[in-house]
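To start, the structure itself, in C-alpha coordinates.
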Amino acid sequence: MTVTDPHTPADLAAEDRAGAFPPGFAWGAATAAYQIEGAAAEDGRTPSIWDTFSHTPGKVANGDTGDTAVDHYHRFREDVRMMADLGLTAYRFSLSWPRIQPTGRGPAVERGLDFYRALADELLAHGITPVATLYHWDLPQELEDAGGWPNRETAYRFAEYAGLAAEALGDRIGIWTTLNEPWCSAFLGYASGVHAPGRTDPGDSLRAAHHLNLGHGLAVGALRAALPASARLAVSLNLHAVRPHSPHPGDLEAARRIEAVGNRIWTSPMFKGRYDEDLLADTAHLVDWDALVQPGDLAEISRPLDLLGLNYYNPTLVSSVENAENLPRHDGHGESSFSPWPGADDVAFHLAPGEVTAMNWPIDPTGLSDSLIALHREFGLPLMVTENGAAFEDTVSADGSVHDPERAAYVKGHLGAVSDAIAAGADVRGYFLWSLMDNFEWAYGYEKRFGIVHVDYDTLVRTPKTSARWYSEAIRTGRLDHGIPSA
Ligand code: FCB
(Lines give C-alpha, C1' and ligand atoms only; values in the text may rest on other atoms or scores of the structure.)
Protein backbone atom coordinates (compact mmCIF):
# COMPACT_ATOMS: atom_id res chain seq x y z
CA MET A 1 0.00 0.00 0.00
CA THR A 2 2.54 2.56 -1.11
CA VAL A 3 1.28 6.07 -1.54
CA THR A 4 4.10 8.05 -3.04
CA ASP A 5 2.49 11.44 -3.73
CA PRO A 6 2.24 13.58 -0.62
CA HIS A 7 -1.24 15.09 -0.53
CA THR A 8 -2.36 18.25 1.10
CA PRO A 9 -5.39 17.80 3.35
CA ALA A 10 -8.62 18.23 1.43
CA ASP A 11 -11.03 20.99 2.30
CA LEU A 12 -13.81 18.79 3.58
CA ALA A 13 -16.62 21.22 3.21
CA ALA A 14 -15.60 22.53 -0.20
CA GLU A 15 -17.02 19.77 -2.29
CA ASP A 16 -20.44 18.16 -2.04
CA ARG A 17 -20.34 14.72 -3.55
CA ALA A 18 -23.57 12.94 -4.33
CA GLY A 19 -21.98 9.64 -3.36
CA ALA A 20 -22.36 6.27 -4.99
CA PHE A 21 -23.04 3.35 -2.71
CA PRO A 22 -24.03 -0.07 -3.98
CA PRO A 23 -27.30 -1.71 -2.95
CA GLY A 24 -26.87 -3.54 0.34
CA PHE A 25 -24.05 -1.24 1.43
CA ALA A 26 -23.76 -1.55 5.23
CA TRP A 27 -24.27 1.80 6.97
CA GLY A 28 -22.88 1.05 10.38
CA ALA A 29 -21.35 2.24 13.59
CA ALA A 30 -18.77 0.48 15.74
CA THR A 31 -17.94 -0.02 19.41
CA ALA A 32 -15.86 -2.41 21.51
CA ALA A 33 -16.75 -4.39 24.62
CA TYR A 34 -14.35 -2.91 27.15
CA GLN A 35 -15.05 0.62 25.90
CA ILE A 36 -18.82 0.50 26.45
CA GLU A 37 -20.11 -2.49 28.41
CA GLY A 38 -19.14 -1.86 32.04
CA ALA A 39 -20.45 -4.67 34.31
CA ALA A 40 -16.81 -5.64 34.67
CA ALA A 41 -17.37 -8.16 37.46
CA GLU A 42 -20.87 -9.37 36.60
CA ASP A 43 -22.15 -12.76 35.45
CA GLY A 44 -18.83 -14.51 35.75
CA ARG A 45 -16.62 -12.07 33.83
CA THR A 46 -12.99 -12.08 35.02
CA PRO A 47 -10.43 -9.27 34.52
CA SER A 48 -8.76 -8.69 31.19
CA ILE A 49 -5.43 -6.96 30.64
CA TRP A 50 -7.35 -3.70 30.27
CA ASP A 51 -8.93 -4.06 33.72
CA THR A 52 -5.48 -4.57 35.21
CA PHE A 53 -3.88 -1.79 33.16
CA SER A 54 -6.59 0.80 33.82
CA HIS A 55 -6.44 0.05 37.54
CA THR A 56 -2.67 0.61 37.55
CA PRO A 57 -1.99 4.21 38.62
CA GLY A 58 -0.56 6.41 35.88
CA LYS A 59 -1.53 4.25 32.92
CA VAL A 60 -4.85 5.87 31.91
CA ALA A 61 -5.75 9.58 31.98
CA ASN A 62 -7.48 10.62 35.20
CA GLY A 63 -7.30 7.04 36.49
CA ASP A 64 -10.37 6.20 34.37
CA THR A 65 -11.39 2.56 34.01
CA GLY A 66 -14.00 0.57 32.08
CA ASP A 67 -15.66 -0.69 35.28
CA THR A 68 -18.91 1.06 34.39
CA ALA A 69 -18.02 2.58 30.99
CA VAL A 70 -21.36 3.63 29.46
CA ASP A 71 -23.19 0.71 31.06
CA HIS A 72 -24.17 -0.76 27.71
CA TYR A 73 -24.42 -4.19 29.36
CA HIS A 74 -27.58 -3.02 31.10
CA ARG A 75 -28.75 -0.46 28.56
CA PHE A 76 -28.27 -2.38 25.30
CA ARG A 77 -31.99 -2.38 24.46
CA GLU A 78 -32.11 1.40 24.68
CA ASP A 79 -28.90 1.58 22.63
CA VAL A 80 -30.27 -0.67 19.89
CA ARG A 81 -33.42 1.45 19.73
CA MET A 82 -31.18 4.49 19.30
CA MET A 83 -29.35 2.74 16.44
CA ALA A 84 -32.66 1.96 14.80
CA ASP A 85 -33.75 5.59 15.18
CA LEU A 86 -30.55 6.65 13.43
CA GLY A 87 -31.32 4.20 10.61
CA LEU A 88 -28.16 2.10 10.99
CA THR A 89 -28.29 -1.06 8.90
CA ALA A 90 -25.35 -2.75 10.63
CA TYR A 91 -23.59 -2.61 13.99
CA ARG A 92 -20.06 -3.77 14.74
CA PHE A 93 -19.40 -4.67 18.36
CA SER A 94 -16.87 -6.90 20.07
CA LEU A 95 -17.34 -9.97 22.21
CA SER A 96 -15.60 -9.85 25.57
CA TRP A 97 -13.36 -12.91 25.81
CA PRO A 98 -13.28 -12.88 29.66
CA ARG A 99 -17.09 -12.69 29.70
CA ILE A 100 -17.52 -15.70 27.41
CA GLN A 101 -14.55 -17.76 28.56
CA PRO A 102 -13.36 -16.38 31.91
CA THR A 103 -9.62 -16.86 32.47
CA GLY A 104 -9.23 -17.86 28.81
CA ARG A 105 -9.62 -21.59 29.39
CA GLY A 106 -12.38 -24.11 29.82
CA PRO A 107 -16.03 -24.12 28.79
CA ALA A 108 -18.04 -21.09 27.77
CA VAL A 109 -20.15 -19.35 30.40
CA GLU A 110 -23.82 -19.31 29.40
CA ARG A 111 -24.58 -16.03 31.19
CA GLY A 112 -21.88 -14.31 29.15
CA LEU A 113 -23.18 -15.82 25.92
CA ASP A 114 -26.75 -14.89 26.85
CA PHE A 115 -25.85 -11.23 26.79
CA TYR A 116 -24.62 -11.49 23.18
CA ARG A 117 -27.59 -13.68 22.20
CA ALA A 118 -29.94 -11.02 23.52
CA LEU A 119 -27.98 -8.22 21.85
CA ALA A 120 -27.96 -10.02 18.49
CA ASP A 121 -31.67 -10.79 18.77
CA GLU A 122 -32.45 -7.18 19.57
CA LEU A 123 -30.41 -6.01 16.56
CA LEU A 124 -32.07 -8.52 14.23
CA ALA A 125 -35.51 -7.54 15.51
CA HIS A 126 -34.70 -3.96 14.46
CA GLY A 127 -33.37 -4.99 11.04
CA ILE A 128 -29.74 -4.26 11.99
CA THR A 129 -27.06 -6.72 10.87
CA PRO A 130 -24.79 -7.77 13.74
CA VAL A 131 -21.06 -7.83 12.99
CA ALA A 132 -19.00 -9.39 15.78
CA THR A 133 -15.32 -8.81 16.48
CA LEU A 134 -13.79 -11.61 18.51
CA TYR A 135 -10.84 -9.70 19.94
CA HIS A 136 -10.81 -5.99 20.59
CA TRP A 137 -7.86 -6.06 23.00
CA ASP A 138 -9.35 -7.61 26.15
CA LEU A 139 -7.06 -10.60 26.69
CA PRO A 140 -8.00 -12.54 29.85
CA GLN A 141 -5.45 -11.55 32.50
CA GLU A 142 -4.63 -15.21 33.23
CA LEU A 143 -3.38 -15.62 29.67
CA GLU A 144 -1.17 -12.55 30.05
CA ASP A 145 0.15 -14.00 33.31
CA ALA A 146 1.05 -17.13 31.33
CA GLY A 147 3.07 -15.00 28.87
CA GLY A 148 0.44 -13.14 26.83
CA TRP A 149 0.65 -12.84 23.05
CA PRO A 150 4.45 -13.38 22.98
CA ASN A 151 3.58 -16.91 24.16
CA ARG A 152 2.56 -19.22 21.28
CA GLU A 153 -0.03 -20.97 23.46
CA THR A 154 -2.18 -17.81 23.42
CA ALA A 155 -2.88 -18.34 19.70
CA TYR A 156 -4.36 -21.77 20.45
CA ARG A 157 -6.37 -20.40 23.34
CA PHE A 158 -7.79 -17.72 21.02
CA ALA A 159 -8.87 -20.29 18.44
CA GLU A 160 -10.62 -22.32 21.12
CA TYR A 161 -12.51 -19.25 22.31
CA ALA A 162 -13.42 -18.41 18.69
CA GLY A 163 -14.92 -21.87 18.27
CA LEU A 164 -16.97 -21.57 21.47
CA ALA A 165 -18.31 -18.17 20.43
CA ALA A 166 -19.16 -19.35 16.91
CA GLU A 167 -20.98 -22.46 18.11
CA ALA A 168 -23.13 -20.43 20.47
CA LEU A 169 -23.79 -17.37 18.31
CA GLY A 170 -23.42 -18.58 14.74
CA ASP A 171 -27.17 -18.96 14.29
CA ARG A 172 -27.60 -15.21 14.86
CA ILE A 173 -24.37 -13.59 13.71
CA GLY A 174 -23.31 -13.97 10.08
CA ILE A 175 -20.34 -11.58 9.81
CA TRP A 176 -17.29 -12.08 12.01
CA THR A 177 -13.99 -10.33 12.30
CA THR A 178 -11.20 -12.07 14.18
CA LEU A 179 -8.80 -9.42 15.47
CA ASN A 180 -9.18 -5.69 15.76
CA GLU A 181 -5.97 -3.84 14.88
CA PRO A 182 -3.37 -6.46 15.81
CA TRP A 183 -0.73 -3.74 15.21
CA CYS A 184 -1.97 -2.00 18.36
CA SER A 185 -2.12 -5.24 20.35
CA ALA A 186 1.46 -6.15 19.43
CA PHE A 187 3.25 -2.83 19.31
CA LEU A 188 1.36 -0.52 21.66
CA GLY A 189 0.86 -3.40 24.09
CA TYR A 190 4.33 -4.98 24.04
CA ALA A 191 6.75 -2.40 22.50
CA SER A 192 5.79 1.18 23.45
CA GLY A 193 3.67 0.03 26.40
CA VAL A 194 1.03 2.76 26.09
CA HIS A 195 -1.67 0.06 25.90
CA ALA A 196 -2.26 -2.99 28.06
CA PRO A 197 -0.38 -4.98 29.13
CA GLY A 198 2.15 -2.15 29.05
CA ARG A 199 5.29 -4.13 28.24
CA THR A 200 8.25 -2.62 26.39
CA ASP A 201 10.29 -5.36 24.73
CA PRO A 202 10.68 -5.09 20.93
CA GLY A 203 11.46 -8.80 20.54
CA ASP A 204 8.36 -9.75 22.48
CA SER A 205 6.29 -7.35 20.39
CA LEU A 206 7.36 -9.20 17.23
CA ARG A 207 6.62 -12.55 18.88
CA ALA A 208 3.21 -11.14 19.78
CA ALA A 209 2.70 -10.09 16.15
CA HIS A 210 3.37 -13.58 14.84
CA HIS A 211 1.15 -15.20 17.45
CA LEU A 212 -1.65 -12.74 16.70
CA ASN A 213 -1.34 -13.74 13.04
CA LEU A 214 -1.34 -17.40 14.00
CA GLY A 215 -4.28 -16.92 16.35
CA HIS A 216 -6.16 -15.21 13.54
CA GLY A 217 -5.53 -18.10 11.13
CA LEU A 218 -6.40 -20.79 13.67
CA ALA A 219 -9.54 -18.84 14.61
CA VAL A 220 -10.58 -18.66 10.94
CA GLY A 221 -10.32 -22.45 10.86
CA ALA A 222 -12.38 -22.79 14.05
CA LEU A 223 -14.99 -20.34 12.77
CA ARG A 224 -15.36 -22.08 9.41
CA ALA A 225 -15.80 -25.40 11.23
CA ALA A 226 -18.55 -24.05 13.49
CA LEU A 227 -20.39 -21.55 11.27
CA PRO A 228 -22.79 -22.09 8.37
CA ALA A 229 -21.28 -21.83 4.90
CA SER A 230 -22.99 -18.45 4.42
CA ALA A 231 -20.91 -16.82 7.20
CA ARG A 232 -18.48 -14.13 6.10
CA LEU A 233 -15.13 -13.85 7.83
CA ALA A 234 -12.88 -10.82 8.08
CA VAL A 235 -10.06 -9.18 10.00
CA SER A 236 -9.88 -5.48 10.91
CA LEU A 237 -6.46 -3.95 10.26
CA ASN A 238 -5.31 -0.40 10.92
CA LEU A 239 -3.14 -0.28 7.83
CA HIS A 240 -1.11 2.91 7.82
CA ALA A 241 -1.46 5.10 4.72
CA VAL A 242 2.27 5.73 4.65
CA ARG A 243 3.59 8.79 2.81
CA PRO A 244 7.22 9.73 2.39
CA HIS A 245 7.95 13.33 3.29
CA SER A 246 9.87 13.80 0.03
CA PRO A 247 11.00 11.67 -2.91
CA HIS A 248 14.49 11.60 -1.35
CA PRO A 249 15.75 7.98 -1.24
CA GLY A 250 16.16 8.15 2.56
CA ASP A 251 12.50 9.08 2.93
CA LEU A 252 11.39 6.34 0.54
CA GLU A 253 13.41 3.88 2.64
CA ALA A 254 11.67 5.18 5.79
CA ALA A 255 8.29 4.60 4.12
CA ARG A 256 9.31 1.09 3.10
CA ARG A 257 10.29 0.22 6.65
CA ILE A 258 7.03 1.49 8.12
CA GLU A 259 4.97 -0.28 5.49
CA ALA A 260 6.83 -3.48 6.34
CA VAL A 261 6.39 -3.41 10.13
CA GLY A 262 3.11 -1.48 10.08
CA ASN A 263 1.21 -3.14 7.24
CA ARG A 264 2.88 -6.00 5.41
CA ILE A 265 3.63 -7.81 8.69
CA TRP A 266 -0.14 -8.60 8.62
CA THR A 267 -1.15 -8.55 4.97
CA SER A 268 1.72 -10.66 3.57
CA PRO A 269 1.21 -13.68 5.86
CA MET A 270 -2.59 -13.37 5.72
CA PHE A 271 -2.99 -12.89 1.98
CA LYS A 272 0.28 -14.13 0.48
CA GLY A 273 1.31 -16.83 2.94
CA ARG A 274 4.74 -15.33 3.71
CA TYR A 275 6.66 -12.80 5.74
CA ASP A 276 8.48 -10.40 3.44
CA GLU A 277 12.27 -10.66 3.29
CA ASP A 278 12.77 -6.96 4.01
CA LEU A 279 10.71 -7.18 7.23
CA LEU A 280 12.71 -10.21 8.35
CA ALA A 281 15.98 -8.40 7.61
CA ASP A 282 14.89 -5.15 9.33
CA THR A 283 14.04 -7.02 12.54
CA ALA A 284 16.52 -9.93 12.49
CA HIS A 285 18.51 -8.39 15.39
CA LEU A 286 15.38 -8.40 17.57
CA VAL A 287 13.89 -11.84 17.09
CA ASP A 288 14.86 -15.24 15.68
CA TRP A 289 12.19 -15.58 12.99
CA ASP A 290 13.31 -19.11 12.07
CA ALA A 291 12.52 -20.31 15.58
CA LEU A 292 9.37 -18.19 15.84
CA VAL A 293 7.62 -19.25 12.62
CA GLN A 294 7.05 -22.99 12.79
CA PRO A 295 6.29 -25.30 9.85
CA GLY A 296 2.64 -25.00 8.84
CA ASP A 297 2.09 -21.59 10.48
CA LEU A 298 1.91 -19.64 7.24
CA ALA A 299 -0.62 -22.06 5.76
CA GLU A 300 -2.82 -21.52 8.82
CA ILE A 301 -2.43 -17.74 8.74
CA SER A 302 -3.29 -17.49 5.05
CA ARG A 303 -6.64 -19.28 5.23
CA PRO A 304 -8.96 -17.41 2.83
CA LEU A 305 -11.10 -14.54 4.11
CA ASP A 306 -14.30 -13.15 2.63
CA LEU A 307 -13.72 -9.50 3.52
CA LEU A 308 -10.87 -7.24 4.58
CA GLY A 309 -11.75 -4.63 7.21
CA LEU A 310 -9.80 -1.38 7.11
CA ASN A 311 -9.70 0.98 10.09
CA TYR A 312 -8.61 4.43 8.95
CA TYR A 313 -8.20 7.71 10.82
CA ASN A 314 -5.27 9.63 9.26
CA PRO A 315 -2.27 9.21 6.99
CA THR A 316 1.27 8.63 8.32
CA LEU A 317 3.99 11.00 7.10
CA VAL A 318 7.56 9.72 7.46
CA SER A 319 11.15 10.64 6.64
CA SER A 320 14.62 9.47 7.52
CA VAL A 321 16.47 11.08 10.42
CA GLU A 322 20.12 11.90 10.59
CA ASN A 323 20.21 12.08 14.36
CA ALA A 324 18.63 9.00 15.88
CA GLU A 325 18.89 10.50 19.36
CA ASN A 326 16.39 13.22 18.73
CA LEU A 327 13.41 11.90 16.80
CA PRO A 328 10.14 13.66 16.36
CA ARG A 329 7.52 10.93 16.65
CA HIS A 330 4.23 12.37 15.53
CA ASP A 331 2.85 8.94 14.71
CA GLY A 332 -0.44 9.54 16.52
CA HIS A 333 0.08 6.52 18.78
CA GLY A 334 0.65 8.14 22.17
CA GLU A 335 3.74 9.18 24.08
CA SER A 336 6.35 6.75 25.31
CA SER A 337 10.13 6.73 25.39
CA PHE A 338 9.87 3.25 23.86
CA SER A 339 9.04 3.08 20.16
CA PRO A 340 6.13 1.04 18.82
CA TRP A 341 8.12 0.58 15.57
CA PRO A 342 10.67 -2.22 16.10
CA GLY A 343 13.52 -2.12 13.62
CA ALA A 344 12.66 1.42 12.51
CA ASP A 345 14.71 3.54 14.90
CA ASP A 346 15.94 5.81 12.13
CA VAL A 347 12.48 6.80 10.90
CA ALA A 348 10.97 10.16 11.81
CA PHE A 349 7.21 10.72 11.97
CA HIS A 350 5.90 14.14 10.99
CA LEU A 351 2.67 15.92 11.71
CA ALA A 352 1.13 16.63 8.30
CA PRO A 353 0.16 20.27 7.77
CA GLY A 354 -3.49 21.26 8.01
CA GLU A 355 -6.36 20.67 10.37
CA VAL A 356 -6.22 18.10 13.15
CA THR A 357 -8.74 16.42 15.44
CA ALA A 358 -8.67 16.53 19.26
CA MET A 359 -6.27 13.55 19.07
CA ASN A 360 -3.89 15.77 17.07
CA TRP A 361 -4.49 13.43 14.13
CA PRO A 362 -4.37 15.17 10.73
CA ILE A 363 -7.63 15.25 8.78
CA ASP A 364 -7.08 13.89 5.29
CA PRO A 365 -9.71 11.67 3.64
CA THR A 366 -7.48 11.06 0.59
CA GLY A 367 -5.58 8.56 2.75
CA LEU A 368 -8.77 6.52 2.96
CA SER A 369 -9.56 6.53 -0.76
CA ASP A 370 -5.91 5.84 -1.65
CA SER A 371 -5.78 2.93 0.82
CA LEU A 372 -9.03 1.36 -0.38
CA ILE A 373 -7.97 1.59 -4.01
CA ALA A 374 -4.50 0.20 -3.24
CA LEU A 375 -5.95 -2.70 -1.22
CA HIS A 376 -8.45 -3.49 -3.95
CA ARG A 377 -5.70 -3.58 -6.57
CA GLU A 378 -3.33 -5.64 -4.46
CA PHE A 379 -5.63 -8.19 -2.85
CA GLY A 380 -8.83 -8.04 -4.88
CA LEU A 381 -11.17 -9.06 -2.06
CA PRO A 382 -14.25 -7.16 -0.87
CA LEU A 383 -13.47 -4.40 1.61
CA MET A 384 -15.26 -2.84 4.55
CA VAL A 385 -14.28 0.29 6.43
CA THR A 386 -14.63 -1.20 9.90
CA GLU A 387 -13.69 2.04 11.70
CA ASN A 388 -13.44 5.72 10.82
CA GLY A 389 -14.29 8.76 12.89
CA ALA A 390 -12.93 11.64 14.92
CA ALA A 391 -12.62 13.09 18.42
CA PHE A 392 -13.40 16.76 18.92
CA GLU A 393 -13.92 18.90 22.01
CA ASP A 394 -17.71 18.83 22.25
CA THR A 395 -19.70 21.39 24.17
CA VAL A 396 -23.14 20.75 25.57
CA SER A 397 -25.56 23.66 25.05
CA ALA A 398 -27.92 24.89 27.75
CA ASP A 399 -30.72 22.86 26.15
CA GLY A 400 -28.59 19.70 26.30
CA SER A 401 -27.86 19.51 22.58
CA VAL A 402 -24.36 18.96 21.18
CA HIS A 403 -23.45 20.73 17.97
CA ASP A 404 -20.39 19.09 16.37
CA PRO A 405 -20.16 20.33 12.77
CA GLU A 406 -16.44 19.37 12.65
CA ARG A 407 -17.25 15.70 13.27
CA ALA A 408 -20.07 15.80 10.74
CA ALA A 409 -17.65 17.34 8.20
CA TYR A 410 -15.06 14.67 8.98
CA VAL A 411 -17.59 11.90 8.36
CA LYS A 412 -18.90 13.58 5.24
CA GLY A 413 -15.38 13.97 3.85
CA HIS A 414 -14.45 10.37 4.59
CA LEU A 415 -17.68 8.93 3.19
CA GLY A 416 -16.83 11.00 0.11
CA ALA A 417 -13.48 9.22 0.02
CA VAL A 418 -15.27 5.86 0.22
CA SER A 419 -17.49 6.85 -2.66
CA ASP A 420 -14.41 7.99 -4.65
CA ALA A 421 -12.81 4.59 -4.04
CA ILE A 422 -15.98 2.81 -5.17
CA ALA A 423 -16.08 4.98 -8.29
CA ALA A 424 -12.46 3.97 -8.97
CA GLY A 425 -13.48 0.29 -8.84
CA ALA A 426 -12.86 -0.74 -5.22
CA ASP A 427 -15.44 -3.24 -3.94
CA VAL A 428 -16.38 -1.55 -0.64
CA ARG A 429 -19.30 -3.22 1.11
CA GLY A 430 -19.79 -1.05 4.18
CA TYR A 431 -18.74 1.78 6.48
CA PHE A 432 -18.71 1.61 10.29
CA LEU A 433 -18.42 4.96 11.97
CA TRP A 434 -16.26 5.05 15.11
CA SER A 435 -18.09 5.45 17.31
CA LEU A 436 -21.77 5.04 17.95
CA MET A 437 -21.39 6.85 21.27
CA ASP A 438 -18.75 8.44 23.47
CA ASN A 439 -16.82 5.81 25.41
CA PHE A 440 -13.63 4.75 27.21
CA GLU A 441 -10.89 5.79 24.79
CA TRP A 442 -8.14 3.49 26.11
CA ALA A 443 -5.16 5.41 27.56
CA TYR A 444 -7.10 8.68 27.14
CA GLY A 445 -9.91 7.45 29.38
CA TYR A 446 -13.09 9.46 28.96
CA GLU A 447 -11.21 12.60 27.88
CA LYS A 448 -11.57 12.03 24.15
CA ARG A 449 -15.04 11.78 22.68
CA PHE A 450 -15.51 9.95 19.37
CA GLY A 451 -19.27 9.38 19.53
CA ILE A 452 -21.94 10.69 17.19
CA VAL A 453 -24.09 10.25 20.28
CA HIS A 454 -23.04 12.19 23.37
CA VAL A 455 -22.93 10.39 26.72
CA ASP A 456 -23.21 12.35 29.96
CA TYR A 457 -20.84 10.39 32.19
CA ASP A 458 -22.70 11.40 35.35
CA THR A 459 -26.18 10.41 34.26
CA LEU A 460 -25.27 8.10 31.33
CA VAL A 461 -27.95 9.87 29.28
CA ARG A 462 -27.39 9.48 25.52
CA THR A 463 -28.01 12.45 23.19
CA PRO A 464 -27.46 12.26 19.42
CA LYS A 465 -25.15 15.05 18.21
CA THR A 466 -25.47 17.05 14.98
CA SER A 467 -23.14 14.51 13.33
CA ALA A 468 -25.66 11.76 14.11
CA ARG A 469 -28.39 13.79 12.37
CA TRP A 470 -26.18 14.31 9.33
CA TYR A 471 -25.18 10.62 9.16
CA SER A 472 -28.78 9.55 9.59
CA GLU A 473 -29.79 11.62 6.57
CA ALA A 474 -26.93 10.13 4.53
CA ILE A 475 -28.18 6.64 5.41
CA ARG A 476 -31.78 7.54 4.58
CA THR A 477 -30.96 9.01 1.17
CA GLY A 478 -27.78 7.11 0.27
CA ARG A 479 -26.32 10.51 -0.65
CA LEU A 480 -23.71 12.87 0.76
CA ASP A 481 -24.72 16.19 -0.75
CA HIS A 482 -26.90 17.44 2.07
CA GLY A 483 -25.55 20.23 4.23
CA ILE A 484 -24.53 19.96 7.87
CA PRO A 485 -27.40 21.18 10.06
CA SER A 486 -26.72 24.42 11.92
CA ALA A 487 -27.03 24.12 15.67
C1 FCB B 1 -8.92 2.48 17.12
C2 FCB B 1 -9.54 1.46 18.06
C3 FCB B 1 -10.84 1.90 18.65
C4 FCB B 1 -10.82 3.36 19.03
C5 FCB B 1 -10.35 4.20 17.87
C6 FCB B 1 -10.34 5.69 18.15
O7 FCB B 1 -7.55 2.28 17.05
O8 FCB B 1 -9.74 0.25 17.38
O9 FCB B 1 -11.13 1.08 19.76
O10 FCB B 1 -10.03 3.55 20.16
O11 FCB B 1 -9.06 3.81 17.51
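The values are calculated or read from the model by the stated rules, or taken from the named source; none is laboratory data. Every value quoted in this text rests on a predicted model; they were computed, and no experiment measured them. Cβ: placed from backbone, ideal geometry, glycine included. Neighbour counts: every protein chain shown. To get the accessible areas, we keep the full protein, side chains included, count just its heavy atoms, and leave off ligands, DNA and RNA. Shrake-Rupley method; radii C 1.70, N 1.55, O 1.52, S 1.80 Å.
So in the range 390-417, with the set limited to residues that are of a type in the set (S, T, N, Q) and more than 21 Å from TRP361 (Cα to Cα), which one is surrounded by the fewest Cβ atoms within 10 Å (Cβ to Cβ)? Here the residue is SER397. For the range 172-191, the set of residues classified as open to solvent by less than 10 Å² (accessible area, probe 1.4 Å) and in contact with a strand residue (DSSP E or B) (Cβ under 6 Å, 6 or more places away or on another chain) consists of ILE173, TRP176, THR177, THR178, LEU179, ASN180, listed by residue number. If I filter the range 418-448 down to residues being of a type in the set (Gly, Ala, Ser) and over 20 Å from THR357 (Cα atoms), which single residue comes out as surrounded by the fewest Cβ atoms within 10 Å (Cβ to Cβ)? Filtering first and then ranking leaves GLY425.
Filtering the range 323-343 for residues that are within 16 Å of the ligand (Cβ to nearest atom), touching a Ser or Thr at 6+ places or on another chain (Cβ under 8 Å) and modelled with pLDDT of 95 or more leaves a non-empty set.
For the range 392-451, a residue qualifies if it is in contact with a strand residue (DSSP E or B) (Cβ under 9 Å, 6 or more places away or on another chain), farther than 27 Å from ILE128 by Cα and in contact (Cβ under 8 Å) with a residue 24 or more places away in the chain, and the qualifying residues are ASP394, VAL396, GLY400, TYR446.
Take the residues in the range 143-189 that are in contact with a Pro (Cβ under 7 Å, 6 or more places away or on another chain) and within 16 Å of the ligand (Cβ to nearest atom); name whichever of them is nearest to LEU305 (Cα to Cα). Looking at residues that are in contact with a Pro (Cβ under 7 Å, 6 or more places away or on another chain) and within 16 Å of the ligand (Cβ to nearest atom), I get PHE187. The criterion of at least 2 residues that are touching a Gly at 6+ places or on another chain (Cβ under 7 Å) and not aromatic (Phe, Trp, Tyr) is met, among strands (runs of 3 or more DSSP E) falling completely within the range 369-487, by 383-388, 428-434. Within the range 192-212, does at least one residue satisfy the condition of being touching a strand residue (DSSP E or B) at 6+ places or on another chain (Cβ under 7 Å), within 16 Å of the ligand (Cβ to nearest atom) and modelled with pLDDT of 95 or more? Yes: one or more hits. Residues that are polar (S, T, N, Q) and more than 15 Å from the ligand (Cβ to nearest atom) within the range 436-466 comprise THR459, THR463, THR466, listed in sequence order. Scan the range 58-93 residue by residue and report those that are of a type in the set (Gly, Ala, Ser) and over 25 Å from TYR444 (Cβ atoms). Result: ALA84, GLY87, ALA90.
Within the range 311-326, none of the residues are more than 30 Å from VAL356 (Cα to Cα) and of a type outside the set (Ser, Thr, Tyr). State all residues of the range 96-138 that are in a helix (DSSP H, G or I) and either within 16 Å of the ligand (Cβ to nearest atom) or touching a Cys at 6+ places or on another chain (Cβ under 8 Å) (or both); if no residue qualifies, say none. Matches in the range 96-138: TRP97 only. Between ALA132, ALA168, ALA118, the distinction of being surrounded by fewer than 22 Cβ atoms within 10 Å (Cβ to Cβ) and within 19 Å of PHE76 (Cα to Cα) belongs to ALA118 only. Being open to solvent by 10 Å² or more (accessible area, probe 1.4 Å) and either assigned to a loop (DSSP other than H, G, I, E, B) or touching a residue at least 60 places away in the same chain (Cβ under 8 Å) (or both) is a description that applies to GLU78.
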